[in-house]
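J.: The following block contains the structure, expressed as structure tokens.
The values are calculated or read from the model by the stated rules, or taken from the named source; none is laboratory data. Remember, it's a predicted structure, so these values are computed and weren't measured experimentally. Cβ coordinates were reconstructed from backbone atoms using ideal geometry, including for glycine residues, and neighbour counts include every protein chain displayed.
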Amino acid sequence: MHVGFKSDKGIMRPSNEDACFVLLPDKVYVLADGVGGGNSGEIASRTAVSEIANYVVRHPIKHVYDTMEIVAYLKDAIDKANKKIYEMAKNHSENFGMATTTIVVHIRKGKAYIANIGDSRVYLFRDYELTQLTEDHTYVNSLVRAGILSREEAEHDERKNVIIKALGAEYDVEPDFYQVDLKENDILICCSDGLYDEVSPEEIIDVINEKENMSDLARELISRANENGGRDNITIISLKVTEEDINE
């Protein structure tokens, strides 16, 4: 697996409320985008990634085998992080209302296992096409799914970043889970909304075609987001699938 990752506060924000964590030996990749007043968003996102990473260290994922066990494992890791953030917000008034989006990706034997809460995204680039794998947990996307808004209308709706599900917002949370069969040279882009709000799918494809190195790809995508406005924090984990990942 070729891996690149980078986080940037953008141009308009005074601090970075995004966080990411890469556990290379375990092929586990975590990204979070925090929300909340003061520095609470930053606390929420960093708590999420550190709690999930610590869970993976304490409970080696290599001892988990079939699909349902992997899903249960990711669910347990996310539950532990969720309750930690929820209790922190409950017990400290300055953190009231803090929460975070969370993406967890695990690569195993030619498959990607993805858990998602919020509006951070995972994209798949294959055969020169970019496909969004995850579903946004936003108010506007719920209107799209109900047929009330079109995709085009949703893109320009001022409520498009209003999240309806996030880690730490409630005592119990239900992530979405996805399993994707991978091919050699597939590229996965995990990102916060600071990327896709500024950089169109067409421009993302152009950058992927330009940059073979995953670290260079992450840096260039962040550069493009900042050139296009940089109104939010931007975090990217870029993953390129190798032959070894398919045949392990």
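J.: So for region 92-108 (the condition being of a type in the set (S, T, Y) and farther than 24 Å from A218 by Cβ), does at least one residue qualify?
T.: Yes: one or more hits.
J.: Same structure, new question: Need pairs with beta-carbon distance below 8 Å; first residue within 15 Å of H92 (Cα to Cα) and surrounded by 23 or more Cβ atoms within 10 Å (Cβ to Cβ) and within region 38-65, second at pLDDT below 95 and of a type in the set (D, E); sequence gap 6+ or separate chains.
T.: S40/E94
J.: Would you be able to say whether some residue in region 177-186 is within 20 Å of the chain's Cα centre (by Cα), under 27 Å from N247 (Cα atoms) and aromatic (F, W, Y)? Explain how you work it out, then say what you get.
T.: Initially, region 177-186 is screened for residues within 20 Å of the chain's Cα centre (by Cα), giving 177-182, 186.
Restricting the remaining residues to those that are under 27 Å from N247 (Cα atoms) gives 177-182, 186.
Add one more test, that the residue is aromatic (F, W, Y), and what stays is 177-178.
Checked against the condition, which is being within 20 Å of the chain's Cα centre (by Cα), under 27 Å from N247 (Cα atoms) and aromatic (F, W, Y), region 177-186 yields at least one hit.
J.: Continuing with this model, one more query. Sort through V180, V173, V122 and tell me the only one that's crowded, with 21+ Cβ neighbours inside 10 Å, part of a strand (DSSP E or B) and of a type in the set (V, I, T). If you could, list the steps in order and put the result at the bottom.
T.: Details: V180 fails: crowded, with 21+ Cβ neighbours inside 10 Å; V173 fails: part of a strand (DSSP E or B).
After ruling out the rest, the residue left standing is V122.
J.: Need the failing condition index for L124 against (1) of a type outside the set (D, E, K, R); (2) touching a Ser or Thr at 6+ places or on another chain (Cβ under 7 Å); (3) more than 17 Å from Q179 (Cα to Cα), just the number.
T.: Only one criterion in (1) of a type outside the set (D, E, K, R); (2) touching a Ser or Thr at 6+ places or on another chain (Cβ under 7 Å); (3) more than 17 Å from Q179 (Cα to Cα) is unmet by L124, namely (3).
J.: Does region 227-248 hold any residues that are within 28 Å of N161 (Cα to Cα) and crowded, with 19+ Cβ neighbours inside 10 Å, and which are they? Steps first, please.
T.: So in region 227-248, the residues within 28 Å of N161 (Cα to Cα) come out as 227-239.
Passing the criteria: G230, D232, N233, I234, T235, I236, I237, S238, L239.
J.: Please state which one of G118, G168 is closer than 19 Å to L74 by Cβ and touching a His at 6+ places or on another chain (Cβ under 7 Å). If you could, list the steps in order and put the result at the bottom.
T.: Working: G168 fails: touching a His at 6+ places or on another chain (Cβ under 7 Å).
Of G118, G168, the one residue that is closer than 19 Å to L74 by Cβ and touching a His at 6+ places or on another chain (Cβ under 7 Å) is G118.
J.: Right, something else. If we scan region 146-167, do we find a residue that is of a type in the set (D, E, K, R) and touching a Gly at 6+ places or on another chain (Cβ under 6 Å)? Show your work before the answer.
T.: Residues of region 146-167 of a type in the set (D, E, K, R): 151-153, 155, 157-160, 165.
Remaining after also requiring touching a Gly at 6+ places or on another chain (Cβ under 6 Å): none.
No, there is no match, as no residue in region 146-167 is of a type in the set (D, E, K, R) and touching a Gly at 6+ places or on another chain (Cβ under 6 Å).
J.: Is it the case that some residue within region 132-141 is crowded, with 20+ Cβ neighbours inside 10 Å, touching a Gly at 6+ places or on another chain (Cβ under 9 Å) and outside any loop (DSSP other than H, G, I, E, B)?
T.: yes
J.: Also, quick follow-up: Count, please, the residues in region 151-169 that happen to be in contact with a helix residue (DSSP H, G or I) (Cβ under 7 Å, 6 or more places away or on another chain) and assigned to a loop (DSSP other than H, G, I, E, B).
T.: Step one: filter region 151-169 for residues in contact with a helix residue (DSSP H, G or I) (Cβ under 7 Å, 6 or more places away or on another chain), giving 151, 154, 157, 159-162, 164, 167-168.
With assigned to a loop (DSSP other than H, G, I, E, B) added as a condition, the list becomes 157, 159-162, 164, 168.
Residues meeting the conditions: 7.
J.: What's the number of the only condition in (1) more than 15 Å from R126 (Cα to Cα); (2) in a helix (DSSP H, G or I) that D206 fails to meet?
T.: Checking D206 against (1) more than 15 Å from R126 (Cα to Cα); (2) in a helix (DSSP H, G or I), the one that fails is (1).
J.: Please specify each residue of region 196-214 satisfying the condition of being hydrophobic (A, V, I, L, M, F, W, C), in contact (Cβ under 8 Å) with a residue 60 or more places away in the chain and under 21 Å from I11 (Cβ atoms). Give the steps one after another, and end with the answer.
T.: Taking region 196-214 as the starting set, the residues that turn out to be hydrophobic (A, V, I, L, M, F, W, C) are 199, 204-205, 207-208, 214.
Remaining after also requiring in contact (Cβ under 8 Å) with a residue 60 or more places away in the chain: 204-205, 208, 214.
The answer is I204, and nothing else.
J.: Take G10 and decide whether it is touching a helix residue (DSSP H, G or I) at 6+ places or on another chain (Cβ under 9 Å), assigned to a loop (DSSP other than H, G, I, E, B) and among the small types (G, A, S).
T.: Numbers: touching a helix residue (DSSP H, G or I) at 6+ places or on another chain (Cβ under 9 Å): yes; assigned to a loop (DSSP other than H, G, I, E, B): yes; among the small types (G, A, S): yes.
In short, yes.
J.: A follow-up question, please. Just give me the residues in region 66-95 being more than 26 Å from G41 (Cβ to Cβ) and surrounded by fewer than 16 Cβ atoms within 10 Å (Cβ to Cβ), in sequence order.
T.: So in region 66-95, the residues more than 26 Å from G41 (Cβ to Cβ) come out as 66-73.
Within region 66-95, D66, T67, M68, E69, A72 qualify.
J.: While we're on this one: Looking at V35, is it without any contact (Cβ under 8 Å) to a residue 60 or more places away in the chain and either closer than 18 Å to K165 by Cβ or touching a strand residue (DSSP E or B) at 6+ places or on another chain (Cβ under 9 Å) (or both)?
T.: On the way: without any contact (Cβ under 8 Å) to a residue 60 or more places away in the chain: no; either closer than 18 Å to K165 by Cβ or touching a strand residue (DSSP E or B) at 6+ places or on another chain (Cβ under 9 Å) (or both): yes.
Against the criterion (without any contact (Cβ under 8 Å) to a residue 60 or more places away in the chain and either closer than 18 Å to K165 by Cβ or touching a strand residue (DSSP E or B) at 6+ places or on another chain (Cβ under 9 Å) (or both)), V35 does not qualify.
J.: Just give me the residues in region 215-248 being part of a helix (DSSP H, G or I), touching a residue at least 60 places away in the same chain (Cβ under 8 Å) and hydroxyl-bearing (S, T, Y), in sequence order.
T.: Once the filter is applied, which keeps residues that are part of a helix (DSSP H, G or I), touching a residue at least 60 places away in the same chain (Cβ under 8 Å) and hydroxyl-bearing (S, T, Y), region 215-248 yields only S215.
J.: Then there's this: Restricting the first residue to region 133-147 and requiring it to be under 10 Å from I163 (Cβ atoms) and among the β-branched types (V, I, T), which pairs with a second residue that is modelled with pLDDT of 90 or more and surrounded by fewer than 17 Cβ atoms within 10 Å (Cβ to Cβ) meet a Cβ separation below 9 Å and a spacing of at least six or different chains?
T.: From residues that are under 10 Å from I163 (Cβ atoms) and among the β-branched types (V, I, T), the pairs are T138/I164.
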